[in-house]
Amino acid sequence: MPKMNLSHFEAAFLFAVFTSVVMGVVTKRSDRDRLHYGFYTFGCFLLALFGLGWLMYFGHG
Amino acid sequence: MAKEKELQQKQPMPPIGAWFPAVALGWLVPGGGHFLLKRPGRGALLLASVSGMFLCGLMMQGAMFQPQSGDLLTTLINTGGFIGDMCSGILYLLSVCFGYSQVDTAGHVHDYGTKFLVTAGLLNILAMADAYEIAAGRKD
């Protein structure tokens, strides 16, 4: 089994991609809504990722 | 909104034969329920996402949970994690059959790997719930 050595950002980005696809597919009732919701979820993940990253950066002083 | 919720609560449980094959296949093969219900596009996306997440977890050498008893938190984490791992269906069964066993080691990559393995199972539960709703006629 090949090994993956990812940074925090890469791993969280990958997590966001996979989760957003599933959330988009299973939640809404039309393809257009699913696509929108998938992108919306992905955007929320990225926002939280950068927001928490900066919060921890400033929290460390 | 409240009316819609009330209407949903009043819907009778569909017969088990209508939804069980789709949900069972959805557990065994991620997205399999959708393939059975003739939603190949959504099934393929679910298969790719859940399998991709599980394989990334394996390549990051994440640990598989085993049910353990002890204090409440240990029991919750390990039993919940074990259930999450098992929900990946054939991916979990194959990895156990081929002897995948990774001890829980320190390091962010292993830690992410463990979370990827559990989350793949949890995402598959969402896919199974969606397959149930389609099979029960509550969703198109």
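Listing for the model above:
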| read-out | value |
| --- | --- |
| Net +/- balance of residues flanking A:V22 in space, Cβ distance below 13 Å, scoring K and R +1, D and E -1 | +2 |
| Alpha carbon convex hull of chain B, volume per residue in cubic angstrom | 152 |
| Two-site label geometry, A:R29 and B:I125: point separation in nm, points 7 Å out along Cα→Cβ | 2.6 |
| Value of [θ]222 nm, deg cm²/dmol, for the protein assembly as shown, DSSP H segments ≥ 4, -39500 (n - 2.57) each, nearest 500 | -24500 deg cm²/dmol |
| Distribution of pairwise C-alpha distances over the protein assembly as shown, 5 Å bins, in % | 1, 7, 13, 16, 17, 16, 13, 8, 4, 2, 1, 0 |
| 4 °C / 1.567 mPa s Stokes-Einstein diffusion coefficient of chain A, Kirkwood radius on C-alpha pairs, µm²/s | 100 |
| Neighbouring partner chain Cβ atoms per residue of B:38-49, average, 10 Å criterion | 3 |
| Gain on full stretching of the segment that runs from B:A106 to B:Q11 - 0.36 nm per residue minus C-alpha separation | 29.3 nm |
| Kirkwood Rh in Å, taken over region B:68-121 so that all alpha-carbon pairs contribute | 11.9 |
| In chain B, lysine pairs closer than 20 Å at Cα, eight or more apart or cross-chain | 4 |
| Estimated inter-spin distance, B:K139 and A:F9, nm [label 7 Å along Cα→Cβ] | 3.4 |
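No lab work stands behind these numbers, since they all come straight from the coordinates. These numbers come from a predicted model, not from an experiment. All Cβ positions, glycine included, derive from the backbone under ideal geometry; neighbour counts span all protein chains shown.
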